[in-house]
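Participant: Just passing along the structure, written as structure tokens.
Bear in mind these aren't lab numbers, they're just calculated from the coordinates by the rules spelled out. Given the structure is predicted, the values throughout are model-derived calculations rather than measurements. Backbone-built Cβ (ideal geometry, glycine too); neighbour counts: all protein chains shown.
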Amino acid sequence: MSAAEHDPPDEVPARRPRRELVEAQIYEQATRLFAERGFAGTSLQDIADAMGMTRPSLYYYVKNKDQLLARLVTEITEGPADTAEEIAGGDADPETKLRELVRVTAAQQARHGPRFQLVIRSESELPDDLAAAHAAAKRRVLDGFVRIVDEGVRSGQFKPRPVRSTALGLIGMCNWVAFWFRPGGAQTPEEIGEQMAEMAVATVAQAPDRLPDSPRPDDPAAALSLLRQDLDYLESVIQTRASKD
């Protein structure tokens, strides 16, 4: 008889760690099966069989597949969204914020690559309420990156580039880690996060001779090139505002 058939509904606190362990195992098995067969192609009976328990016993721990999928989506999207909002709203300078956000995001993608890929593949199968929450979380992540990039451009720390497309490019760089990182390789997820953070900052950081209060180059051609960067950015801002009006 399984552990679930022994435990009464009003379990004592001492048994809760055991319950949490079983729930974690169920979640791992469900995630594996979703990845192999797809969400629609996986039944609760499949999950029960993988756990070596009966389907009624499984119901003691989970109500349905949607509950397991909701946990997966929450882990992959809600957590990063909260992190993006927290970092973007902090008091650090834009470069520090961007470095930290990319470091955390890329490291998470390295740790949970298969789960991220599963969520991406399952987007069309998500129930309406979960799909809406997933979409909202992705917007929050984008908003966090946009705020940081915009702050950096306005302060002169970052190159004058279209903010939204720059933010999307940085997010894409982080997300791609989930597809190429392999556990047990030469680098740990934490090292990958640090590397991606350095690359992100190097991509957007203003050249030293363009930082605030620094002299402009004496070379007329170089000065003209920098002026064109500023004009391109100004033009994109004007066009964005005009489209909103």
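Participant: Arranged by the count of other C-beta atoms within 10 angstrom, fewest first, what order do R103, R18 take?
Facilitator: Final ranking by Cβ density, sparse to dense: R18, R103.
Participant: Here's a follow-up. Starting with the fewest neighbours, write out D128, D66, D150 ranked by other beta-carbon atoms found within 10 Å of each beta-carbon. Kindly include the intermediate steps, with their values, before the conclusion.
Facilitator: Values: D128 7, D66 14, D150 17.
Fewest-to-most ranking of D128, D66, D150: D128, D66, D150.
Participant: Give the long-range amide H neighbours of F158: residues separated by 5 or more places, or on another chain, with amide H under 5 Å away, using H modelled in the peptide plane at 1.01 Å from N.
Facilitator: Those qualifying (amide H under 5 Å, at least 5 residues apart or on another chain) are V153, Q206.
Participant: Sketch the reach of a paramagnetic label on R32 as a point 7 Å from Cα along Cα-to-Cβ, and name the residues of region 49-91 whose backbone nitrogen lies under 15 Å away.
Facilitator: Counting backbone N atoms under 15 Å from the label point, the list is 49-53.
Participant: Over region 53-151, calculate the relative contact order: mean separation of alpha carbon pairs under 8 Å at least 6 apart, over the residue count, as a percent.
Facilitator: Working: 55 pairs, mean separation 46.4, N = 99.
Normalised by residue count, the contact order of region 53-151 is 47 percent.
Participant: While we're looking at this one, here's another question. Quick one: V141, V22, fewest Cβ neighbours within 10 Å first, how do they rank? Don't jump to the answer; show the numbers that get you there.
Facilitator: Numbers: V141 24, V22 20.
Listed from fewest to most nearby Cβ atoms, that is V22, V141.
Participant: For the pair R182/D66, report the inter-label distance in nm, with labels modelled 7 Å from Cα in the Cβ direction.
Facilitator: 4.0
Participant: Please work out how much length the chain gains when fully extended from D91 to Y59, using 0.36 nm per residue of separation minus the C-alpha to C-alpha distance, in nm with one decimal.
Facilitator: Values: separation 32, 0.36 × 32 = 11.52 nm, distance 4.62 nm.
Computed gain between D91 and Y59 is 6.9 nm.
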